[in-house]
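Shown next, in C-alpha cells, is the structure this report addresses.
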Amino acid sequence: MKVIEDFTMPKNTGKSFIVRKGQHIRVSAESIVDFVVFNLDNLRERFDQARTKVNQDKVYISTGDALYSKSNNIMMTIVEDTYKGKHDLQYGMCSKSRFDFLWENRHTETWKNYFGKRGITKREDFPDHGCWENMIDGLKGYDIAAEDIPSPFNMFQSIEILYPTGELRRCLDRDRPEPGHPAHVELRAEMDCLVGVSACPELGKAGKAKPVRVQIFE
C-alpha cells in the first residue's frame, strides 16, 4: 500500500485526518490515544461507543471488529491490532474540567489513594488541558460543535471490568508497549471519514505520554 500521509503528533495535542473509503489509517503509540470518527459527507453522523458495543455484543474490540455510528452504520473496520491489552470503550475524554474534578475530590474515599500512587501533590501536577481540548483544536475548521464530539475509542488504554461490582480497573502499565516498540491499530474506512486523534497527556508527575504516529495508506 502507498503511504499518502505520515504525521507524528506531540503528546497532548490533537489533529484531524481525512480517510477516504477503502483507505487505511494506522495509529502507532506507546501511550493512550483518543480516536473519534465522523461521516465526512454528514458530520452529524459520528462514532458511537454504545452502538459499537451492542451491535457486536462485546465491550472489547480488536481485529475484525467495527466502529459503528449512532445510525448503526459501519464507519471503520479494524484490520490489524498489535496491542497486548484491551482497548477501552467505557471512558470519555480527559479534560481540564476532569482534572479539576479529581483535584477537588482528592480527599474522598474513592480518590485519596489515586494521588499517592501518582505522586500528585498539587493541581499543577495535572496537565493544564486534555484530550477534550485537543479534539476541539484538532477539529477546528469543521462544522462540529464541541458538545457534539463523541466519547472516543480509547486506544492503548487497557481496562478490566470487575465482576460483580462493575468497577473499572486500569491496567495500562501492565499492558503498555515496551519503550521504543509502539503498538499499532490499523483501520479500513468503510465510508469517507473525518477522523479526530488526540495524543493523551496521561496523568500525574509520572505520566508516560509519548508522541503518536498516524499514517494513512491507499
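The table that follows gives values for the structure above.
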read-out: Residue among Val19, Val54, Val79 with the largest mean-square fluctuation in a Gaussian network model of the chain, springs linking Cα atoms under 10 Å; value: Val54
read-out: Built amide H within the under 5 Å cut-off of Gly130, gap 5+; value: Lys96
read-out: Cβ-derived FRET efficiency at R0 22 Å, Ser151 paired with Asn42, nearest 0.05; value: 0.70
read-out: Inter-probe distance in nm under a simple model that places probes 7 Å from Cα toward Cβ, at Lys96 and Glu109; value: 3.4 nm
read-out: Set Lys11/Lys117; Lys70/Lys112; Lys96/Lys208; Lys11/Lys140; Lys86/Lys208; Lys122/Lys210 screened for pairs whose C-alpha atoms are more than 29 Å apart; value: Lys70/Lys112
read-out: Read-out mean projected area of the Cα convex hull in nm², derived from the coordinates shown; its label in (i) 12.9; (ii) 14.7; (iii) 12.0; value: (iii)
read-out: Computed label-point distance, nm, for sites Lys2 and Arg213 using a 7 Å Cα→Cβ extension; value: 2.1 nm
read-out: Normalised contact order of segment 3-217, rounded percent, pairs of Cα under 8 Å and 6 or more residues apart; value: 48 percent
read-out: Residue among Ala145, Ala183, Ala50 with the largest mean-square fluctuation in a Gaussian network model of the chain, springs linking Cα atoms under 10 Å; value: Ala145
read-out: Charge sum, other residues only, whose C-beta stays under 10 Å from Val197's C-beta, Lys/Arg counted +1 and Asp/Glu -1; value: 0
read-out: Förster-model FRET efficiency, 35 Å R0, Tyr142 and Glu167, C-beta, rounded to 0.05; value: 0.45
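Every number here is computed from the coordinates shown, using simple stated rules; none is lab data. Note that this is a predicted model, so its numbers are computed, not measured. Note that we place each Cβ from the backbone using ideal geometry, even for glycine, and neighbour counts take in every protein chain shown.
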